[in-house]
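All remarks here apply to the structure that follows.
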Amino acid sequence: MNFQVYNRDICVGDIRVIGVSSSSLLMVGDAETIQLAATFDTPSESLIVGPFVPLSPDIS
Amino acid sequence: MIAMLQRITCVDHIKIDSVSFSSIFQIGDSEQIQAISRALAVQREAEIFFDNEGNFNAFPIFSEAIPFQPADEENVVFSTHNLNPVLKVRNIDILGASSSSVVHLGNSRNIAMEARVKHIRQLLPRNDKTNGTNGED
């Protein structure tokens, strides 16, 4: 496949963003490769009803 | 470095109120960016905080592989012609950049960003029978 891009005048007035978070990227420029990955887990087992138990302790 | 497909970024004015939790505000070109953010988001119905809890190794979401198709395996002949080699932006206004995020003015080569978040909610025991304070059901 041939993919040809002609970048002519790109002139942007205002960019207003509330938040860039959790490994997000806001970029004004060129890049060769961009890889973005996100996992977000909130399974049914993560809803715990009962006495408060601590999570497994930090053993690092 | 590839010199041909690069444009100049021209931003007249930028305002960022906060850059927090290992975030980066980069002005100028870069070669490689790799960012990882891991978060255990625990919400409890009562205000209880244990100071030595939270172990990423206990949850497979923080270690499971996220496979990517290699970029060079795509059979694409890519050609870019920068007739106007300037990217112009008058104004950028950002309230906050957080958790390993990047605000980048300029060019880069390889960028890889990754975020892993696990939510856990702990609720107080429901007392549907009497007014006992604890009980499993």
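Just so it is clear, none of the values below were taken in a lab; they were calculated from the coordinates. Remember, predicted model here, so these are calculated numbers, not experimental data. Here the Cβ is made from the backbone with ideal geometry for all residues, glycine too, and neighbour counts use every protein chain on show.
Assorted remarks:
- Computing FRET efficiency as 1/(1 + (r/R0)^6) for A:Ser46 and B:Gln26, where r is the C-beta to C-beta distance and R0 is 35 Å, gives about 0.50.
- Multiplying the residue separation of B:Ile36 and B:Asp72 by 0.36 nm and removing their Cα-Cα distance gives an extension gain of 10.7 nm.
- Given charges at Cβ of Lys, Arg, Asp, Glu: the protein assembly as shown dipole, positive-most of A:Pro54, B:Phe59, B:Gly96: B:Gly96
- Cα centre as origin, Lys/Arg/Asp/Glu Cβ charges: region B:23-137 dipole, Debye: 340 debye
- Neighbour net charge for B:Ala39 - beta-carbon separation under 9 angstrom, K R +1, D E -1: +3
- Exposure proxy ranking for A:Val49, B:Val103, based on other Cβ atoms within 10 angstrom of each Cβ and starting from the fewest, stands as A:Val49, B:Val103.
- Solvent-free Debye scattering, log10 I(q)/I(0), computed from the Cα coordinates of region B:3-130 at q = 0.19 Å⁻¹: -1.23
- Total formal charge among the other residues, if their Cβ is under 14 angstrom from that of B:Ala71, Lys/Arg +1 and Asp/Glu -1: -3
- R0 of 35 Å, Cβ-Cβ distance A:Arg16-B:Ile8: FRET efficiency to nearest 0.05: 0.90
- Net +/- balance of residues flanking B:Gly96 in space, Cβ distance below 15 Å, scoring K and R +1, D and E -1: 0
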